[in-house]
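Q: Take a look at this one; I'll ask things after.
The values are calculated or read from the model by the stated rules, or taken from the named source; none is laboratory data. Remember, predicted model here, so these are calculated numbers, not experimental data. Note: ideal-geometry Cβ built from the backbone for every residue, glycine included; neighbour counts use all protein chains shown. To get the accessible areas, we keep the full protein, side chains included, count just its heavy atoms, and leave off ligands, DNA and RNA. Shrake-Rupley method; radii C 1.70, N 1.55, O 1.52, S 1.80 Å.
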Amino acid sequence: MNKIKVLWIDDEHEEYEDFKIDADINGIKFECIKSYEEFKNMGDEILKYNAIVLDFLFFNKKDQVAGTEQDGREKVKPIEFSLNHITTNEKYKNIPWFVYTRQEGVTNETNLLEANNKKYYIKVNDQEQLFNDIKTSVNNQPEYQLKNKIDALNESAEFKNLLKNEYLELLKVCYDDVLGKASFEVEDNTIFQKLVHFIKQMGSHKIEPVNQNFNDIRKIIEKLFDKLFELEIVPKEFIAEPSEIIPEKFKDKPNNIPIEYKAKPHTKAMNLLIGPTKYNSTKYPQDMFEFDNDFRNKYHIKLIFNNISKLFDILQDESHAKNDLIYNVDSYKNNAKSDYLYRSCIYLLFDILYWFQDFIAKDVKNKWMIRNSYNDSFKYINEIFEGEIVEIKPDKNGNVIGLFTSHKNEKFPNILPKILVPPNIVKNYDLKTCQTIKCKLINQYKILQVAEIILENNVIKQ
């Protein structure tokens, strides 16, 4: 178990050597400074500490001398400056902090404790309580938990130090608020274990084909998509289980169910986010979604999901049956003179995971939006819309379908650019491109489509 590293800001810390010894016995190691100036100048060195303890009165400047910490208006400022430095900095705000002082009634002199729902601890009297509260707070910190998970691995001390010093940020993808609690356990087949295995492989001279596990890379990417669903970054329309959208005519004929109805949620999300890959060819009405282009550019979404698309092409091919291959990845890896393809996939995975952590930490919910027109369309299902047949074409099953675009109107100004016209309606009305029609819409199997043609004097408007 790692000792808890605590930064202590107190100009009188040298008078409390017994306190430091007791702390060490309790698994807490204190490192001490005397002033706010030293604290402020530490920069990101602060991040190496699991907690911060502050006296209520301490030096503002590094070169102050005993007795001057209470001079005039300097009395409260050092602690106010220090706590403000902690609580307003995005990097430091999650570090637990505690006020350990000889001063009674310090809450009367600053509202910082009350504002942060904190209490203060009286020196000597509250020593044990302080130790217990430090340990409780730190043990709930994800980074401390992660380091303990690393220490629990049956690996060399050198490799564990490598993980903590060079790969800790990558492994933070296993936090509860990133890829989830299940990925954070030290046991076989978890994301944590997979990543540790990949890191270890990257340090080897050559990774033999038999040890190249492309499938584990794919599983981690799929977990990433699951998190997009959980956070509702991917629209909820893509979460429906296949059984919810299978037409009645296929319910008793499972072998005849078209592949688009069998697609898993993450596959449908893939089609939305990056477009269909060689294997993820399921069609879904992408036109019903719109993206904030500034948002996409700001977070490099096109680049990242294009990389995911290319990665999936390789991963899927490697895991498919011999009669369903495009790239013959398995054959290539078994005959290649190097392991660079596999290493490149791992490095690309690492890059995606680094990006993903930063991405979901931002305000990204609902940035992938269903067009307002699609949401609004459910209000106007029974209304009549006039528009044009812009395309007649066969679908992948050979059925002739149409695409309809509604003319803009006040109620429905942002109508979807293309709305499906089912094969039966195309056939029954012998629809042609450039025809103007009036119709009613319906939401069928999560797809907005034409439900009925409205005739004028028993003919379609030309």
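Q: Calculated FRET efficiency, residue 168 and residue 343, Cβ-Cβ r, R0 25 Å, to nearest 0.05?
A: 0.75
Q: Counting only protein heavy atoms and a 1.4 Å probe, tell me what percentage of the range 127-226's accessible area is made up of carbon and sulfur.
A: After summing per-atom areas, the C and S share lands at 42 percent.
Q: While we're on this one: Residue 103 to residue 440: extension gain in nm, 0.36 nm per residue of separation minus the Cα-Cα distance?
A: Using 0.36 nm per residue and subtracting the Cα-Cα distance, I get 113.7 nm.
Q: Could you work out how far apart the two model spin labels at residue 391 and residue 219 are, taking each label as a point 7 Å from the Cα in the direction of the beta carbon, and quote it in nm?
A: For the pair residue 391/residue 219, the computed spacing is 3.9 nm.
Q: Express in nm, to one decimal, how much length is gained between residue 157 and residue 399 on full extension, taking 0.36 nm for each residue of separation and deducting their alpha carbon distance. Walk me through the intermediate numbers first.
A: Values: separation 242, 0.36 × 242 = 87.12 nm, distance 6.33 nm.
Value of the extension gain: 80.8 nm.
Q: May I ask you to order 154-162, 166-174 by the average number of other C-beta atoms within 10 Å around their residues, highest value first?
A: 166-174, 154-162
Q: Give the calculated FRET efficiency between residue 48 and residue 300 to the nearest 0.05, with a Förster radius of 30 Å applied to their Cβ-Cβ distance.
A: 0.50
Q: Using a Förster distance of 45 Å, how high is the FRET efficiency between residue 328 and residue 62, based on the Cβ-Cβ distance and rounded to 0.05?
A: 0.10
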